[in-house]
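Colleague: Dropping the structure in here first, questions after.
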Amino acid sequence: MALQQQITSFVSTANVGKLSATQENDDSVFSDSTPAKPKSAKRPHTCLSSDGDHSLCIETELNEIINSMKNILKKEDVKLIVTETVTSLLTQMKKEMKKELKKEMMVEIQTNQEKVEQHFTSEVSRLSARIDSVEFDNENILEKNASLQKENRLLKEEIENTGRRATDAMQLSNWNEQYSRKKNVKIFYFPEKRGGGKLPQIVAAHRIPGKPGKPRPILVKFLRMESKIALLRNRKLINEKLEVRISDDVTRLNQGLLNRLYLHEDVTSAWYFNGHIYGTDNNGERHRFDIYDNIRQKLKS
């Protein structure tokens, strides 16, 4: 109300002063002529009073002023506008900062990407050169390996051939040795007496090394095969009479084969006859064996 009263007083004073000034100007203009008719003060078109009372005009102007003051910003409105303005500025600044940051990041990413691509290209080139070198070395190794395999195969074949030849040679040697003993017999347990004792009438005989503590065996050689056969036919009687054991003169390899046959669980008997070794299995079947035979496989054949 105080503000309204002050505004009302100010408006009234201003209008009164304005009216006085108007009257004074009018008097000065028409001073030389006949007295002019006094002009009435101008009233606003809203003033409808004819009695000179300006209270209605003043009230009208006051209302207009009050209405215009409604458009004046209040503190809350200013605060809201400032807040919205600052928020808008901050939002815009954020957008600009994001753009700048994104731009800088893109530049950094592109720079790093170029570095990575250069490094990757360099590594690929280095590895490619290394792979080429390894492939070259691998080819050389493969060639050397193929050469070594060929040499190994040739050596293996030669070893196998040598083994076969050695086996054949040993078998032939054993056969020849056994053949040379074809007319020989061995007499075991014949007592050794001073002067040599009396032996059956034979062509030639001599003692050979034997087991310690027992008489040395006698190796007898006949000139004719018939004499040996006659002796062997009667060896059972001679063995009982002289308490000796007469057997064929077999080679060391054949004797070893006989011993293995004696000890084998699937062989019931083994013997020597006419340069060869024979044996029977659990089924009574007869097999001829050689010094290098696998006894178990031989029995299955």
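Colleague: Taking the condition surrounded by fewer than 16 Cβ atoms within 10 Å (Cβ to Cβ), modelled with pLDDT under 90 and in a helix (DSSP H, G or I), does LYS214 pass? Walk me through how you get there before you give the answer.
Modeller: Values: surrounded by fewer than 16 Cβ atoms within 10 Å (Cβ to Cβ): yes; modelled with pLDDT under 90: yes; in a helix (DSSP H, G or I): no.
Spelling it out, it is not the case that LYS214 is surrounded by fewer than 16 Cβ atoms within 10 Å (Cβ to Cβ), modelled with pLDDT under 90 and in a helix (DSSP H, G or I).
Colleague: Can you tell me which residue within region 255-286, out of those that are of a type in the set (Val, Ile, Thr) and surrounded by 18 or more Cβ atoms within 10 Å (Cβ to Cβ), is farthest from ILE187 (Cα to Cα)?
Modeller: First, the residues of region 255-286 that are of a type in the set (Val, Ile, Thr): 267-268, 277, 280.
Narrowing the set further to residues that are surrounded by 18 or more Cβ atoms within 10 Å (Cβ to Cβ) leaves 267, 277.
Numbers: VAL267: 26, ILE277: 20 Å.
The qualifying residue farthest from ILE187 (Cα to Cα) is VAL267.
Colleague: Moving on to the next point. So, in region 279-292, how many residues would count as being without any contact (Cβ under 8 Å) to a residue 12 or more places away in the chain and either out of contact with any strand residue (DSSP E or B) (no Cβ under 6 Å at 6 or more places or on another chain) or assigned to a loop (DSSP other than H, G, I, E, B) (or both)?
Modeller: Pass one, region 279-292, residues without any contact (Cβ under 8 Å) to a residue 12 or more places away in the chain: 283, 285-286.
Going one step further and asking which of them are either out of contact with any strand residue (DSSP E or B) (no Cβ under 6 Å at 6 or more places or on another chain) or assigned to a loop (DSSP other than H, G, I, E, B) (or both), we end up with 283, 285.
Here the count works out to 2.
Colleague: So which of ASP53, ASP77 ends up being at pLDDT below 75, surrounded by 10 or more Cβ atoms within 10 Å (Cβ to Cβ), at negative phi and outside any helix (DSSP H, G or I)? Give the derivation first.
Modeller: Values: ASP77 fails: outside any helix (DSSP H, G or I).
Of the residues listed, the single one that is at pLDDT below 75, surrounded by 10 or more Cβ atoms within 10 Å (Cβ to Cβ), at negative phi and outside any helix (DSSP H, G or I) is ASP53.
Colleague: Ok, one more. Given PRO191, PRO209, which one is without any contact (Cβ under 8 Å) to a residue 24 or more places away in the chain, loosely packed, with under 11 Cβ neighbours inside 10 Å and assigned to a loop (DSSP other than H, G, I, E, B)?
Modeller: Working: PRO191 fails: without any contact (Cβ under 8 Å) to a residue 24 or more places away in the chain.
Just a single option satisfies the conditions, and that option is PRO209.
Colleague: Select from region 243-278 the residues that are of a type in the set (Ser, Thr, Tyr) and part of a strand (DSSP E or B) and write down the one among them that is nearest to ILE202 (Cα to Cα).
Modeller: We begin by selecting, within region 243-278, every residue of a type in the set (Ser, Thr, Tyr); these are 247, 251, 262, 268-269, 272, 278.
Okay, now just the ones that are also part of a strand (DSSP E or B), so 247, 268-269, 272, 278.
On the way: SER247: 15, THR268: 34, SER269: 31, TYR272: 22, TYR278: 28 Å.
Step by step, filter region 243-278, then rank; the result is SER247.
Colleague: Go through the residues of region 220-228 one by one and say whether even a single one is farther than 30 Å from ARG296 by Cα, in a strand (DSSP E or B) and of a type in the set (A, V, I, L, M). Before the answer, list the steps.
Modeller: First, the residues of region 220-228 that are farther than 30 Å from ARG296 by Cα: 220-228.
Filter again for in a strand (DSSP E or B), leaving 220-221.
In the following step, the residues that additionally are of a type in the set (A, V, I, L, M) were identified as 220.
Yes, region 220-228 contains a residue that is farther than 30 Å from ARG296 by Cα, in a strand (DSSP E or B) and of a type in the set (A, V, I, L, M).
Colleague: Here's a follow-up. In region 233-254, which residues are surrounded by fewer than 15 Cβ atoms within 10 Å (Cβ to Cβ) and either touching an Asp or Glu at 6+ places or on another chain (Cβ under 8 Å) or not aliphatic (A, V, I, L, M) (or both)? Step through it out loud before you land on a result.
Modeller: Initial filter on region 233-254 (surrounded by fewer than 15 Cβ atoms within 10 Å (Cβ to Cβ)): 233-234, 236-237, 240-241, 243, 245, 252.
Selection gives ARG233, ASN234, LYS236, GLU240, LYS241, GLU243, ARG245, ARG252.
The values are calculated or read from the model by the stated rules, or taken from the named source; none is laboratory data. None of the values given here were measured: they were computed from a predicted structure. Every residue, glycine among them, receives a Cβ derived from its backbone with ideal geometry; neighbour counts consider all protein chains shown.
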